[in-house]
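J.: Dropping the structure in here first, questions after.
Any read-out appearing in this document is the output of simple, stated calculations on the displayed coordinates, not a laboratory observation. A quick note: this is a predicted structure, and the numbers were derived from the prediction, not measured. Here the Cβ positions follow ideal geometry from the backbone for every residue, glycine too, while neighbour counts run over all protein chains shown.
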Amino acid sequence: MSAASGPQPAPAAPAQPVADVAVIGAGVVGSAIARELAGYELSVTLLEARADVGDGTSKANTAILHTGFDAKPGTLESRLVRAGCHLLSDYASRVGIPVERTGALLVAWTPDELAELPVLKAKAAANGYDRCEVVDAAEVYRQIPDLGEGALGGLTVPDESITCTWTTSLALATDAWLRGTDLRLAHRVRSVSHDGDVTTLRCDAGDVPARWVVNAAGLGCDLIDQMFGYDRFHVTPRRGELLVFDKLARPLVNKIVLPVPTARGKGVLISPTIYGNIMLGPTAEDLEDRTATGTSESGYDFLLGKGRRLMPRLLEEEVTASYAGLRAAVDAGDYLIEADGEKRYVLVGGIRSTGLTSAMAIAEHVRDLLSDAGLKLTPRSDVPSPPRMPNIGEAFPRPYADEARIASDPAYGRIVCFCERVTAGEIRDACGSLIPPADLSGLRRRTRAMNGRCQGFFCAAEAGALFEQYRPAAHATSGPQEVPG
Ligand SMILES: Cc1cc2nc3c(=O)[nH]c(=O)nc-3n(C[C@H](O)[C@H](O)[C@H](O)COP(=O)(O)OP(=O)(O)OC[C@H]3O[C@@H](n4cnc5c(N)ncnc54)[C@H](O)[C@@H]3O)c2cc1C
């Protein structure tokens with residue numbers, strides 16, 4: 001062994017391979033983009049600041065698969081929501097994302113709103129959706145007998161659907177991973193530097209060099225955009241708070257009850273959830289703090305006031321949870337999706353209140369922009385099959401009720417969370433999945449454990465123990481290049 005004399009130079013960090021494309025942000029949009037691009041002969045890296053995928057705005061929304069009937073005709077958002085609705089509906093049936101086509105009824109409460117219904121019907125047609133019908137008050141009450149007094153008429157939207165936003169983000173990220181995407185969790189991009197054709201994304205956890213960069217950072221989109229030398233928009237976090245009512249409330253509403261939308265948004269709705277509850281919300285409150293996802297007393301009071309008017313009977317049921325999400329609101333009345341061929345950079349910003357629905361269409365649009373800007377796209381001949389996601393939707397078979405499954409593996413017969421009927425087998429499977437939960441919140445999103453009326457009071461200790469027992473010490477973050485079978 002040779003004696004060291006004085007400080008030795010630190011060993012040079014191994015050079016990172018240069019990715020063809022780096023996507024910043026593993027929400028539903030960034031995950032869809034990474035998945036799409038990984039279907040071509042490209043090396044793709046997906047960077048996420050948090051320890052899990054789908055842990056930003058994509059985890060806290062109303063989870064409606066929109067038809068796009070009320071979008072502003074002619075906008076990019078209108079086109080991508082409509083296309084995304086078809087793409088996600090089809091994808092959901094292939095990978096097992098639960099979707100229930102409940103339909104929606106938009107209700108008019110004032111003469112002005114009543115006069116707006118034919119206008120909305122024409123708008124829907126201009127958006128390519130021609131299945132809306134104006135109905136009278138008697139029909140509104142026939143469809144929703146427990147609605148509060150005073151409804152004057154309604155507009156039916158038969159194809160609005162409810163889905164699971166958690167499974168959607170996870171499916172798209174898992175699919176991207178299976179296609180070989182290098183998933184880097186806990187990689188917050190702090191700055192960027194450019195050297196010729198290569199942009200290096202500087203993160204505390206290490207640098208990531210790439211030839212092309214897609215900015216899908218949601219609430220952080222404008223900050224990343226500034227790192228690329230732009231000053232073109234500002235993201236305002238628009239908080240939406242929601243109340244979740246107990247499953248006993250579910251028979252009250254079998255479709256989404258919408259208000260007439262205003263310039264500020266879609267307004268407060270009542271909707272069944274895919275997990276068998278009823279949801280009331282969201283509010284719309286502009287904030288400065290991009291991390292303010294807590295709920296507030298004023299939001300709670302506001303929603304109870306709305307609920308009292310919309311459906312007094314609902315307030316006789318118990319609220320079992322409340323949550324809030326932050327929309328990435330921008331001044332522009334449309335999505336901000338633009339490519340800069342010179343900087344080899346694409347901005348995907350302003351995806352406010354429809355991004356769950358449009359994510360897969362946004363991904364195709366970004367792919368086309370990259371191609372137009374000069375990225376060579378050669379479709380892969382060996383794209384692996386998509387994942388099959390565990391079902392956590394209430395209307396579809398679940399392990400606790402599947403005799404054959406329980407017979408072959410008794411862990412599916414051992415219920416841990418009695419409110420949501422989640423079994424030890426599902427918790428074990430989630431912990432062993434390709435993108436395992438980083439913490440108990442991630443476990444909730446994958447299984448529904450601890451999400452019921454007791455909010456984990458009964459099962460949190462056991463769910464936590466199983467999580468500790470089965471969680472992998474470390475998991476590979478790069479998908480296989482070849483997938484067996
Ligand atoms: C209350 C509410 C209700 C909604 N209802 C619906 C609905 O019913 N239907 C619908 O279609 N849409 C709905 N939406 C909109 C939908 O949720 C969003 O449009 C969508 O989730 C946006 O996804 P995203 O991937 O762009 O953002 P996000 O999910 O926020 O993902 C962006 C990711 O980027 C990461 N990131 C940020 N900065 C950095 C950085 N510097 N480095 C690395 N990573 C970074 C974040 O951690 C985050 O995970 C709703 C939104 C809200 C708030």
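J.: Beyond 45 Å, what share of the Cα-Cα pairs of the chain remains, rounded to the nearest whole percent?
T.: It works out to 14 percent of all Cα pairs.
J.: Shifting gears a bit: Across the stretch 340-348, in residue order, what do the Karplus-derived ³J(HN,Hα) couplings come to in whole Hz, using 6.51 cos²θ - 1.76 cosθ + 1.60 with θ = phi - 60° and x for Gly and Pro?
T.: Couplings: 10, x, 5, 8, 6, 9, 10, 8, 10 Hz.
J.: Need one word for the stretch 327-411: rounded, prolate or oblate. Basis is the Cα gyration tensor (sqrt eigenvalues a ≥ b ≥ c); a/c below 1.5 gives rounded, then a/b vs b/c decides.
T.: oblate
J.: Given 0.36 nm per residue, what is the gain on full extension from Tyr470 to Ala115 after removing their alpha carbon distance, in nm?
T.: 122.0 nm
J.: State to the nearest 20 debye the size of the charge dipole of the stretch 1-159 about its Cα centre, where the only charges are +1 on K and R beta carbons and -1 on D and E beta carbons.
T.: Dipole about the Cα centre, nearest 20: 460 debye.
J.: Taking the Cα centre of each part, how many Å lie between the stretch 20-82 and the stretch 163-227?
T.: Going from one Cα centre to the other spans 12 Å.
J.: Tell me which of Gln143, Leu117, Thr57 sits at the most positive position along the dipole axis of the chain, charges placed on C-beta atoms (Lys, Arg +1; Asp, Glu -1).
T.: Positive-end residue among those listed: Gln143.
J.: Follow-up. Can you list residues from other chains, or at least 5 along the same chain, whose modelled amide H is less than 5 Å from the amide H of Met311?
T.: Distant-sequence amide H within range of Met311: Gly148.
J.: Spelling out what I want: for every residue of the stretch 219-233, take phi, set θ = phi - 60°, compute 6.51 cos²θ - 1.76 cosθ + 1.60 (Karplus), and round to whole Hz; glycine and proline get x.
T.: Once θ is set to phi - 60°, the couplings for the stretch 219-233 become 5, x, 4, 5, 5, 5, 4, 5, 5, 9, x, 9, 9, 10, 6 Hz.
J.: Relative to the Cα centre, what is the charge dipole magnitude of the chain, using +1 at the beta carbon of each Lys and Arg, -1 at the beta carbon of each Asp and Glu, and rounding to the nearest 20 debye?
T.: With only Lys, Arg, Asp and Glu charged at Cβ, the dipole is about 580 debye.
J.: Which Cα, out of Ser191, Ala171, Gly153, lies furthest along the positive dipole direction of the stretch 134-201 (beta carbon charges, K/R +1, D/E -1)?
T.: The residue sitting most towards the positive pole is Ser191.
J.: To continue, here is another question. If you take the charge dipole of the stretch 338-432 about its Cα centre, with +1 on Lys and Arg Cβ and -1 on Asp and Glu Cβ, which of Gly432, Ala339, Pro386 is farthest toward its positive end?
T.: Gly432
J.: Normalising by the residue count of the chain, find the relative contact order in percent from Cα pairs under 8 Å and 6+ residues apart.
T.: Value for the chain: 20 percent.
J.: Moving on to the next point. Mind ranking 348-360, 153-165 by how tightly packed they are, going by the mean number of other C-beta atoms within 10 angstrom, highest first?
T.: The peptides rank, most packed first, as 348-360, 153-165.
J.: What percent does the relative contact order of the stretch 3-158 come to when contacts are Cα pairs within less than 8 Å and at least six residues apart?
T.: 19
J.: A follow-up question, please. If R₀ is 60 angstrom, what is the calculated FRET efficiency for the pair Leu304 and His194, using the beta carbon separation as r and rounding to 0.05?
T.: After rounding to 0.05, the efficiency reads 0.70.
J.: Further, regarding this structure: How large is the helix-only mean residue ellipticity at 222 nm for the chain, computed as the sum of -39500 (n - 2.57) over DSSP H runs with n ≥ 4, divided by its residue count, in deg cm²/dmol to the nearest 500?
T.: Taking each H run of at least 4 residues, the total per residue is -9000 deg cm²/dmol.
J.: What is the spin-label model distance, in nm, from Ala292 to Ala321 if the labels are put 7 Å beyond Cα along the C-beta direction?
T.: 2.4
J.: About the Cα centre of the stretch 239-361, what is the dipole size in debye to 20, counting +1 per Lys and Arg Cβ and -1 per Asp and Glu Cβ, all else neutral?
T.: 500
J.: Quick one: if you stick a label point 7 Å off each Cα along the C-beta vector at Leu248 and Ala138, how many nm between them?
T.: With each label point 7 Å from Cα toward Cβ, the separation is 3.5 nm.
J.: What Cys residues in the chain have no fellow cysteine's beta-carbon under 4.7 angstrom?
T.: Isolated Cys, the chain: Cys85, Cys132, Cys164, Cys203, Cys221, Cys419, Cys431, Cys454.
J.: Count charges around Gly432 for me, please; just the other residues with Cβ under 15 Å from its Cβ, Lys/Arg as +1, Asp/Glu as -1.
T.: After counting each charged neighbour, the total is 0.
J.: So, in Å, what gap is there between the alpha-carbon centers of the stretch 304-348 and the stretch 396-448?
T.: 29
J.: Right, something else. Rounded if a/c is under 1.5, else prolate if a/b beats b/c, else oblate: with a ≥ b ≥ c from the C-alpha gyration tensor eigenvalues square-rooted, which is the stretch 66-148?
T.: Here the stretch 66-148 falls in the oblate category.
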